[in-house]
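> Input: one structure, supplied below.
Only the coordinates and a few stated rules stand behind these numbers; no lab work does. The shown structure was predicted, so the numbers you read here are calculated from the model rather than taken from an experiment. Please note: Cβ atoms are built from the backbone with ideal geometry, for glycine as well, and neighbour counts cover all protein chains shown.
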Amino acid sequence: MLKHAMTQTALVVGAGLCVLLIGAGVKTGFRMSQGQSPLPLVGEQQPPTSDSQSIALDRLSSEERLQRLEALAQGNASVERDRARYLLAAELLRQDRPKQALKWLENLETTYPLLGGHILRNRAVAYEQTGDRAKAKETWQALVNQYPDNPVTAEGLIKLGQTEQAIAQFPAHPQTVALAQKGLKKNPKNRGLKLLIARHGHYLSGYTDFLDALVKEHGSGLKPEDWEAIAFGYWEKQLYGKAGEAYARSSPSSRNAYRIARGFQLGNREGAKVAYQNMIQAFPESDETALALLRLSRLAEPTTAIGYLDQVIRRFPDRAGEALFDKANLLEQQGKGKEAQEARKSLLNRYGKSNSAAEYRWKVAQRSAAEKNYKSAYRWAEGIVADNGESEYAPMAAYWMGKWSEQMRQEQQARKAYEQVLRRYPESYYAWRSATRLGWQVGDFDTVRDLNPAVNRPLNRPDLPVGSDILKELFRLGQDRDAWELWQVEFKDPANPAVAEQFTDGVLRIGVGDYLDGMFMLSFLSQREKPEEQEQYQALKRQRAYWESLYPFPYLDPIESWSQERRLNPLLVTALIRQESRFMAGIRSSAGAVGLMQVMPDTADWVAKQIQFKNYRLNHPEDNIKLGTWYLDYTHREYNNNSMLAVASYNAGPGAVARWVRERAGVDVDEFVEKIPYQETRGYVKSVFANYWNYLRIYNPDISRQVAQISEKHPPLAMAK
């Protein structure tokens, strides 16, 4: 599934090498750089040297890039010079100019020992390109002899035909995984090679086919630890039924027992009940048991369900709020209103800081607002912000405190509410809505399409929080493929990653174009429940690296070009693409939508006829953006340039949105969004505009400065001047 179309051109650190930073310091409207740089370059900011200019390296011709690197490579002895030599050689190899590359690699390992193994690897590749097999073999052997424990040595072992040693010593290295794939073509029954792929090949296209074959052909001979690896693989690919069956044959643990039941629940209701009961009996005190009791209560008839919920209330205080909330709803369904009300009182009095208490408070607030009792609605929303400030309801409640204050003509109170949203929840959709209410120049639903915000790229990359010094250096240099391959070996326990490991994994996935899984890894950090892990996650959120990795800028040129052609805000187009496809150009939805902007083939045919566009390919980024931006412009024209309606129409279709507009003419725009009948479209609209806001607050210097002045949670961005 990984997209490996990346270049390894310099993106590097150091004052002199700042001249090579892609897009560093460029501030010309939306334009930042050319190409598809997977990651923004974040980290400690260092201004360019006085005798250089910050330039977009990818904007230069190949020869111009080489001239810039060569000038640095001929400087005085320094780490910076060694880095330039390494990068210059890598660029020459990419251009199939091995003899020139060998010149810059000569004896480089003596002054740049940190990347000694990779220097020898590149030298061997250069000899191979010249056709000098003897020198290539000699260099591969030197790599194996001099760097026996360096994972890049796996490449040398494979080149020298020492495949068994490569498999034994470096099974997780992607070159070894590729070797296993080739081996299976010759010997499809090889269980060991299938197990190697099951453990280390999660990123492969068709990965689950290997798992299926392993289970079908070798199931009877597999060990519990083999089943655990298979189960984790299925779970990661969201094949929960198959994962549950595999976990049932792995070593017993509370997590495995829970996942067995969860797998059943998605396809076998009665089997899930039995599995949850078995899990509760086998692991009565585990954290997963509380969740199992909650799940079981939702499968049982009401009286039995209340018994399960009472167990949670008695035994698991961290989950008691959720159990009380569910219990109150069940009692209400049984016509026991008084008992339901007592349960809700208990929820607020004993577990008022739980997410379930926030959900209940929000329902009451909405009911009060519907009755135009804005004072009561405000009071209930205020309780959420005070007691449930980290819940998903808090940003929404804080924003509506402002809206309801306006209804009560309390302008100062409204302003304080909007400022509170920006201060406490600066990344939220409601922060953007608050900024519009405060009059910030961020665009509203009816003006945002015409904006063309200036954006600044950061200067350098961050240091990765974990990994070897070699890994961190490769990442600094923008050698993303090499860094990612090394990480596959260093990342020992993907099933139980530490916070820093999960962050590093996400960043490196994005670096090789796996935006979908990479951004998932970063955003899913929010689900950590242990206090110490939440603290680590919150610390990450205060760093620029987190946000700039989560909101990258691939495909800049076609986005900018076609946005200008269609008179669309480039950040809005970027935000929509991020939501539609996570920048995965070849992705296809279950409904048949294709590519970056998830264009349906029938829609593409219709648009192509309108613009006389022939021989297009929807999985080609340029073609997809050309068609998708025309259709987005069309939806804007259909709704008088109201971007909210245009974006909703892009998701739900023009017929549905036209019906909603007819039925709810004159409704407040925020109320319209909150009551969009399709849950998917409601979430889609909020997500697209939250994306737009985050790109704006991260990269636009003026807005970033405004947010930083009001919120300590917004990382101050050191923009180039």
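> Tell me, what HN-Hα J-couplings in whole Hz come from the Karplus equation 6.51 cos²θ - 1.76 cosθ + 1.60 at θ = phi - 60° for each residue of region 496-512, using x for Gly and Pro?
Going residue by residue, I get 9, x, 5, 4, 5, 5, 5, 4, 4, 4, x, 4, 6, 5, 4, x, 9 Hz, with x marking Gly and Pro.
> Normalised by the number of residues in region 518-633, what is the relative contact order in percent for Cα pairs under 8 Å and 6+ residues apart? Present the calculation step by step, with values, prior to reporting the outcome.
Details: 113 pairs, mean separation 24.4, N = 116.
It rounds to 21 percent for region 518-633.
> For a quick check: sort 353, 345 by the number of other beta carbons within 10 angstrom, fewest at the front. Show your work: numbers first, answer last.
Numbers: 353 15, 345 12.
Exposure proxy ranking, most exposed first: 345, 353.
> Continuing with this model, one more query. Between helix 374-387 and the chain, what is the angle of the helix's C-alpha long axis to the longest principal axis, kept within 0 to 90° and rounded to the nearest 10?
50 degrees
> Of 631, 483, 229, whose Cα points farthest to the positive end of the dipole of the chain (charges on the beta-carbon: +1 Lys, Arg; -1 Asp, Glu; origin at the Cα centre)?
Comparing the listed Cα positions along the dipole, 631 ranks first.
> Under a 5 Å amide H to amide H cut-off, with H placed in plane at 1.01 Å, what residues pair with residue 599 once short-range neighbours are removed?
Amide H to amide H, under 5 Å and 5 or more residues apart or across chains, residue 599 pairs with 594.
> Within the set 237/713; 182/237; 182/216, which residue pairs have Cα atoms separated by over 27 Å?
Table pairs above 27 Å Cα-Cα are 237/713.
> Rounded to the nearest 20 Debye, what is the dipole magnitude of region 607-676 about its Cα centre when Lys and Arg each give +1 and Asp and Glu each give -1 at the C-beta?
Rounded to the nearest 20 debye, it is 440 debye.
> How much net charge surrounds residue 682 when only the other residues with a Cβ under 13 Å from the Cβ of residue 682 are counted, with Lys and Arg +1 and Asp and Glu -1? It would help to have the intermediate numbers written out before the result.
Details: positive: 675, 686; negative: 670, 671, 674, 680.
Local charge sum for residue 682: -2.
> Could I ask something else about it? Angle, helix 531-541 long axis vs. longest principal axis of the chain, Cα atoms, 0 to 90°, nearest 10?
The answer is roughly 70 degrees.
> So if the hydrodynamic radius of the chain is defined as the Kirkwood radius over C-alpha pairs, what does Stokes-Einstein give as its diffusion coefficient at 20 °C and 1.002 mPa s, in µm² per second? Show your work: numbers first, answer last.
Values: Rh = 28.4 Å.
Answer from the Stokes-Einstein relation: 75 µm²/s.
> Sort 710, 280 so that the residue with the fewest other Cβ atoms within 10 Å of its own Cβ comes first and the one with the most comes last. Show your work: numbers first, answer last.
On the way: 710 18, 280 22.
Least crowded to most crowded, the residues run 710, 280.
> Also, quick follow-up: Taking the Cα atoms only, what angle lies between the long axis of helix 133-146 and the longest principal axis of the chain, rounded to 10 degrees?
60 degrees
> Follow-up. Can you give the calculated 222 nm mean residue ellipticity of the chain, where each DSSP H run of n ≥ 4 adds -39,500 (n - 2.57) and the sum is split over every residue, rounded to the nearest 500 deg cm²/dmol?
Working: 39 runs with 456 residues, N = 721.
The per-residue figure over the chain is -19500 deg cm²/dmol.
> Given +1 on the Cβ of Lys and Arg, -1 on the Cβ of Asp and Glu, and no further charges, what dipole in debye does the chain carry about its Cα centre, rounded to the nearest 20? Numbers along the way, then the final one.
Numbers: 95 positive and 86 negative charges, 204 e Å.
The dipole magnitude comes to about 980 debye.
> Just how large is the dipole of region 174-299 about the Cα centre, in debye to the nearest 20, putting +1 at every Lys and Arg Cβ and -1 at every Asp and Glu Cβ?
Values: 19 positive and 12 negative charges, 91 e Å.
Dipole about the Cα centre, nearest 20: 440 debye.
> Right, here's the next one. Kindly flag which residue pairs out of 327/363; 492/541; 242/273; 103/135 have an alpha-carbon separation exceeding 19 Å in this structure. Kindly include the intermediate steps, with their values, before the conclusion.
Values: 327/363 16 Å; 492/541 25 Å; 242/273 17 Å; 103/135 15 Å.
492/541, as the Cα separations exceed 19 Å there.
> Of 261, 283, 207, whose Cα points farthest to the positive end of the dipole of region 174-299 (charges on the beta-carbon: +1 Lys, Arg; -1 Asp, Glu; origin at the Cα centre)?
Of the options given, the answer is 207.
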